[in-house]
Amino acid sequence: METNELVKLIKGRRSIRVWEERAVDEDLLLKAIEIATYAPNGGNQQNWRFYLIENRDIIKAIADAVQTSAVYVAALPEAKKFGDMITGMTQRASSFRSAPSLIIVAAKQYQSPTDQILAASEKVDVRACQMRQWRNMADSRIQSVASAIAYLLLVLHQMGLGAVWMTGPLQVKGDIEKLLKVPPEMDIVALIPVGYPAESPDLRERRPLREVCQIIR
């Protein structure tokens, strides 16, 4: 693949929230997930697990739980100051119920030797405590699984499929994990509804490079 082709692929990807009713071939989705597992990851732990859900009743049950939680949040007194913004978020919360397939990504809990050393020392060593706080700001297991999700979204787009990276449903994380029988050493971190796109969103403008990149010579 030439660089220009890669640029076109990356810039052409959109978050899709409306899908055609036709099903996606399971083997196609499994191929996309397999490719995603070649993403870089901390310590080569490959700490991800992908749940490919094609059962409509399960997708509906997850969507119902997410919608109920969204309505609850919208009814909290603190939500009033957000007005129409929170209303829109509530309406979109369970839009994935119409997706033909749903990929839920989980990450295994992991502490590197350095993390274990700092955790054991932080109560008596101020510097160790500060170092641990800084490391926790950039959790390596979440970075690892996020890189796999980024790969996955690009591969799905290249296959002609549309998907969206969702973290809002994590407000019912426990309910979803119970429904899917996720083992206790794993945490779900994202939901990715997938299907053939039935919309073509416009590109949202990106901030100029000069605003997001600083050259240090």
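Things worth noting here:
- Residue satisfying all of: in segment 177-191; outside any strand (DSSP E or B) and either surrounded by fewer than 18 Cβ atoms within 10 Å (Cβ to Cβ) or of a type in the set (D, E) (or both); nearest to the chain's Cα centre (by Cα) among these: E177
- Leading residue by the ranking (nearest to I58 (Cα to Cα)) among those in segment 70-97 that are among the hydrophobic types (A, V, I, L, M, F, W, C) and not in a helix (DSSP H, G or I): A93
- Answer from M131, M186 - the residue that is of a type in the set (A, V, I, L, M, F, W, C) and touching a Leu at 6+ places or on another chain (Cβ under 8 Å): M131
- Residue within segment 47-56 that is more than 19 Å from the chain's Cα centre (by Cα), farther than 24 Å from M159 by Cβ and surrounded by fewer than 12 Cβ atoms within 10 Å (Cβ to Cβ) present: no
- Selection status of S112, of a type in the set (G, A, S) and either under 21 Å from the mean Cα position of the chain (by Cα) or modelled with pLDDT of 90 or more (or both): no
- Against the conditions (1) surrounded by 13 or more Cβ atoms within 10 Å (Cβ to Cβ); (2) out of contact with any Ser or Thr (no Cβ under 8 Å at 6 or more places or on another chain); (3) over 21 Å from S200 (Cα atoms), I16 satisfies every one except (3).
- Count of segment 5-25 residues which are among the β-branched types (V, I, T), in a helix (DSSP H, G or I) and in contact (Cβ under 8 Å) with a residue 12 or more places away in the chain: 1
- Inside segment 26-58, residues that are of a type outside the set (A, V, I, L, M, F, W, C) and in a helix (DSSP H, G or I) make up a count of 9.
- Cβ pairs under 6 Å, 6+ apart, first in segment 172-199 and over 14 Å from I103 (Cα atoms), second acidic (D, E) and modelled with pLDDT of 95 or more: Y196/E20; A198/E20
- Residues that are hydrophobic (A, V, I, L, M, F, W, C) and either closer than 30 Å to P197 by Cβ or crowded, with 16+ Cβ neighbours inside 10 Å (or both), drawn from segment 72-103: V73, A74, A79, F82, M85, I86, M89, A93, F96, A99, L102, I103
The values are calculated or read from the model by the stated rules, or taken from the named source; none is laboratory data. Small disclaimer: the values here were computed from a predicted structure and weren't measured. Every residue, glycine as well, gets a Cβ built from its backbone with ideal geometry; the counts of neighbours run over all protein chains shown.
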